[in-house]
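In what follows, a single structure is set out as structure tokens and then discussed.
The values are calculated or read from the model by the stated rules, or taken from the named source; none is laboratory data. In this text, all values refer to a predicted model and were calculated from it rather than measured experimentally. Heads up, the Cβs are rebuilt from the backbone with ideal geometry, glycines too, and the neighbour counts pull from every protein chain shown. The accessibility values were calculated without ligands, DNA or RNA, using every heavy atom of the protein model including side chains. Shrake-Rupley method; radii C 1.70, N 1.55, O 1.52, S 1.80 Å.
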Amino acid sequence: RTMSEGKPAEAKPGSEQDPPQAQSLEEGLEAAAAYEGDPLDCPCIAHMKEGPCGGEFVVAYKCFLDSTAEEKGSDCIDSFRAMQVCFQSNPEYYDKFLKDDDEEEEEMTREEMYNAMSPEERKEADRVWHENNYRVPKDA
């Protein structure tokens with residue numbers, strides 16, 4: 001940043017100070033949250049706002065930013081669900097941003113669910129998994 005009159009210069013849209021365009025939804029939201037200024041003005045999420053689901057994205061992200069719920073964003077589930085449905089309805093535009101995140105999230109969710117189980121539930125889950133994956137022939 002250049003200094004003028006002892007104040008940092010404002011970042012201008014399209015300047016080299018702008019974060020690069022995000023490659024995933026999660027990356028874009030993180031970069032926008034760290035952006036100096038209005039997170040909705042961050043160039044890192046411009047492609048999400050300009051796409052066919054731009055309206056749904058802005059509503060959901062603005063809800064998250066303005067959320068006062070104890071678990072931030074938990075009061076925005078309907079908005080995020082509408083955005084997700086729109087994204088899934090427009091795979092030609094949004095698949096490249098969502099594919100890796102969805103696969104990783106699904107694996108983490110299974111692991112988190114397993115870790116949240118009681119010892120008895122884990123034992124039963126392990127038994128069912130082994131039963132389904134290691135079948136002993138009936139004539140053995």
### Query
Got a number for residues in region 44-96 being within 17 Å of residue 23 (Cβ to Cβ) and β-branched (Val, Ile, Thr)?
1
### Query
What do you reckon, is residue 5 on the phi > 0 side of the Ramachandran plot, at pLDDT below 75, open to solvent by 80 Å² or more (accessible area, probe 1.4 Å) and over 17 Å from the mean Cα position of the chain (by Cα)?
yes
